[in-house]
1. In the stretch 255-303, what residues are part of a loop (DSSP other than H, G, I, E, B) and within 11 Å of the ligand (Cβ to nearest atom)?
2. Can you confirm whether the stretch 365-372 contains a residue that is outside the structural domain of Asp452 (by TED's automatic domain parsing), free of Cβ contacts under 8 Å to residues at least 60 places away in the same chain, over 25 Å from Phe109 (Cα atoms) and surrounded by fewer than 17 Cβ atoms within 10 Å (Cβ to Cβ)?
3. Looking at the stretch 118-126, can you tell me whether even one residue there is free of Cβ contacts under 8 Å to residues at least 40 places away in the same chain and either surrounded by fewer than 20 Cβ atoms within 10 Å (Cβ to Cβ) or not hydrophobic (A, V, I, L, M, F, W, C) (or both)?
4. Which residues, counting only those in the stretch 334-359, are in the same structural domain as Ala80 (by TED's automatic domain parsing) and more than 13 Å from the ligand (Cβ to nearest atom)?
5. So His114 fits all but one of (1) away from the ligand (no atom under 15 Å from the Cβ); (2) outside any helix (DSSP H, G or I); (3) out of contact with any Phe, Trp or Tyr (no Cβ under 8 Å at 6 or more places or on another chain); what number is the exception?
6. Only residues in the stretch 289-315 that are farther than 30 Å from Ala199 by Cα count as the first member; pair them with residues that are among the charged types (D, E, K, R) and outside any helix (DSSP H, G or I), Cβ under 8 angstrom, at least 6 apart or cross-chain, and list the lot.
7. Of the residues Asp362, Asp401, which is more than 24 Å from Asn99 (Cα to Cα), surrounded by fewer than 17 Cβ atoms within 10 Å (Cβ to Cβ) and either small (Gly, Ala, Ser) or outside the structural domain of Ala295 (by TED's automatic domain parsing) (or both)?
8. What's the total number of residues in the stretch 184-228 that are within 15 Å of Ala98 (Cβ to Cβ), touching a helix residue (DSSP H, G or I) at 6+ places or on another chain (Cβ under 9 Å) and assigned to a helix (DSSP H, G or I)?
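The values are calculated or read from the model by the stated rules, or taken from the named source; none is laboratory data. None of the values given here were measured: they were computed from a predicted structure. Cβ sites come from the backbone with ideal geometry, for glycine too, and all protein chains shown count toward neighbours.
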Amino acid sequence: MAETKEAARPRGFRSAELGWPELHRIPHPPRRVPLVGDVLGASVRSPLQDSMRFGRELGPIFRRRAFRNEIVFVWGADLAAELADESRFAKHVGLGVANLRPVAGDGLFTAYNHEPNWQLAHDVLAPGFSREAMEGYHPMMLDVAERLTDHWDREQAAGRAVDVPGDMTKLTLETISRTGFGHDFASFERSRPHPFVDAMVGTLTYAQRLNVVPVPLAPLLLRGATRRNAADMAYLNRTVDAVVASRRSGGGEGDLLDRMLETAHPGTGERLTPENIRRQVITFLIAGHETTSGALSFALHYLSRHPETAARARAEVERVWGGTDRPGYEQVARLRHVRRVLDESLRLWPTAPAFAREARHDTVLGGVHPMREGAWALVLTAMLHRDPQVWGADAEEFDPDRFDAKAVRARPAHTFKPFGTGARACIGRQFALHEATLVLGLLLRRYDLRPDPGYRLRVAERLTLMPEGLRLHLERRPPVAPGREAIPAGAADRGPGPALGPGNPPQA
Ligand code: HEM
């Protein structure tokens, strides 16, 4: 599409009636309230879980209205597969993603498709996620994971339960900040979250609230929150500027920040501007840890509730790693059962629980719903992953065997989408999967995880998902004999699942 035509498209929120001429065919919740919309039974704190509830009642495509803004939601597997067709649809920067533009600008995650900085940054940064780059990050990931286990050993020895989401957030923030930017937030030396995390949570929560409050009214209706958000954004900028300034005075070893500062585009010779580098660093520090910490936390929750799954995954870790203290990159890639636990956790609670797609041209969705060019819909990944037509009548149950190779091959394409889809899918997918598989392996081998019997899973929403208030009791397991040999590559690969690796992605 010509640049000028793209640039002329309206930005910001486009309510569904502008792009869906037959909107009346799409069901909405009963009891719509004049002026305010579908607010009965909905909460600003749980927009995703409210939408999941409405989805169950209304079917695979439905709509919700908040004030003057109407949104079309899609979760049926057939319709979602159509929306994944890159020749007809593209990423739509809307809702929470667009609301993050003041902080992340034209950084990779929030860039509009037509903005030249997206392609430039994508091409410059993609090699930072190659297999070679991952192998380079692996020892640093291990170092950070050891900080976590030191901390958990101390908590366990003191008879205290561990704060899973809090500690997973420390772990993943340290991992991305050290591997990507050579920066140490000293998260494990603090009793409270680092102020960077507080500021980040503040901006994410604010962006989520803007989804339901019309933007022009936000300064009035959210006066205090708007002030706090400005302070949070200033803090994020200051932190990132300090990280960049310290690197400019030397010290990088070819990490993401070095790429941002020094690498020219291989085709055009262009470089990222200082302002865009600031946006990218904020983007990677946030996108690079928030969703992974949620994924790890949900996986630990399920492992603690399914001791037989934990035992099977642990047996695999002991078989593949033997008595080694520091498993190698390949030994993580071979943990198929652990990986299936992670996939199944991301199926039930994809921590980035939705993504938006817009029509590249006038088209008809599912043969019944005409969409004008630019019209968009939100794919509810958390519901797509529970579509009983794909996942069966027990779709709500946790069962990692859904991801054994045969089951994966038997499912239609585009039914498992925790990392989004197409050209704008997650650039950090392998990074997150490697980090999370490594950490789950280390934790399973070291501890028995005991749930708090009174805990019922509550899911906190701040654009991303996190199990709220999850604490686990730990018991140290006897160490695997140091001399015990790991099973050599090949022998351990006879398990039923697909090996993890760039050449063997999950169903996508
Ligand atoms: C389990 C962990 C993760 C999940 C579930 C996840 C999920 C996603 C999803 C769904 C998208 C697409 C959003 C959309 O279409 O609007 C995305 C994009 C992105 N993610 Fe992730 N992500 C994870 C980890 C990471 C990590 C570790 C990094 C960086 C190290 C990262 C960096 C990004 C970036 C930069 C984008 C934008 C890509 C583009 O548009 O070019 N993510 N992620």
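1. First pass over the stretch 255-303, keeping only residues part of a loop (DSSP other than H, G, I, E, B): 255, 263-273, 288-289.
Gly288, His289 - these are the residues of the stretch 255-303 that are part of a loop (DSSP other than H, G, I, E, B) and within 11 Å of the ligand (Cβ to nearest atom).
2. Yes, because at least one residue in the stretch 365-372 is outside the structural domain of Asp452 (by TED's automatic domain parsing), free of Cβ contacts under 8 Å to residues at least 60 places away in the same chain, over 25 Å from Phe109 (Cα atoms) and surrounded by fewer than 17 Cβ atoms within 10 Å (Cβ to Cβ).
3. yes
4. Residue satisfying the conditions is Ala359 alone.
5. (1)
6. Close Cβ pairs (under 8 Å, with a partner that is among the charged types (D, E, K, R) and outside any helix (DSSP H, G or I)) amount to Ser304/Arg450; Ala310/Asp448.
7. The conditions single out Asp362.
8. 9
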